[in-house]
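**Student:** Below is one structure. I have some questions about it.
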Amino acid sequence: MTEAARTESSPSVHVPRDYKLLVPREWFRIDLTRDRWRAQLKTFVDRQAQGKTVSAELTRNVWTTLRNTAEVARSRGAIEFFLLTTTQDGGLPASLLVSSVPMGRTPADPEKYAAWLELAEGENPARREVSVVELSAGSAVRLLGDTTLDVHVCMPGGVGYLTLCFSAPLTGMFGPMEQLCDAIAGSLRWVL
């Protein structure tokens, strides 16, 4: 019997209705499942420019970049977009995209998924470290790069992965930023 068939026939495994994730309150949340996400994004950009000597062109460029990022992410199953801005110049030190990725061609077993991703990374000079970690929400594949951390958490019921894509282009993904992102990923809980 296949892994998927065992999961579907098992009465003890339930497909989650939702998830809970603890994100610090300084991170601005944009719900990408609602039509108002553009207005939420505009509110974020306007708040960051407020009281600062930021040109209209820079504000427009930030808005355009974030909007394009959100639109591409939505087309790939993104659910939420979290943005952190704590720098005086309005720079974006960190972001988090939460996506639901159905199984499709993705291996259901996190160990096999990690091996598949390891092969995909190949000899890339910007190669990311691939590992499998155990979170309270279940097994997860963790990809750590210089400025990114992706955590693919296997959803109960074998329906897919919830993917947390962290980006820290200004600070890099090490030290306190890596620990913070790991803590956010570790807070994931399923609502059954």
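**Student:** If you take the residues in the stretch 149-160 that are at pLDDT below 95 and of a type outside the set (A, V, I, L, M, F, W, C), which one is nearest to Trp190 (Cα to Cα)?
**Tutor:** Pro156
**Student:** Right, Val54: in contact (Cβ under 8 Å) with a residue 24 or more places away in the chain, over 26 Å from Leu192 (Cα atoms) and of a type outside the set (Asp, Glu) or not?
**Tutor:** So Val54 passes the test.
**Student:** Mind checking which residues of the stretch 95-118 are modelled with pLDDT under 90, part of a strand (DSSP E or B) and open to solvent by less than 30 Å² (accessible area, probe 1.4 Å)?
**Tutor:** none
**Student:** Filter the stretch 136-170 down to the residues that are over 27 Å from Gly122 (Cβ atoms) and touching a helix residue (DSSP H, G or I) at 6+ places or on another chain (Cβ under 8 Å), then identify the one that is surrounded by the most Cβ atoms within 10 Å (Cβ to Cβ).
**Tutor:** Among them, the one singled out is Gly158.
**Student:** Which members of the stretch 12-21 meet the condition of being surrounded by 12 or more Cβ atoms within 10 Å (Cβ to Cβ) and within 17 Å of the chain's Cα centre (by Cα)?
**Tutor:** Across the stretch 12-21, the qualifying residues are Tyr19, Leu21.
The values are calculated or read from the model by the stated rules, or taken from the named source; none is laboratory data. Owing to the predicted nature of the structure, the values given are computational and were not obtained by experimental measurement. Counting neighbours? That spans all protein chains shown, and the Cβs are built from the backbone with ideal geometry, glycine included. We work out accessible area using only protein heavy atoms, side chains counted, and drop any ligands, DNA or RNA first. Shrake-Rupley method; radii C 1.70, N 1.55, O 1.52, S 1.80 Å.
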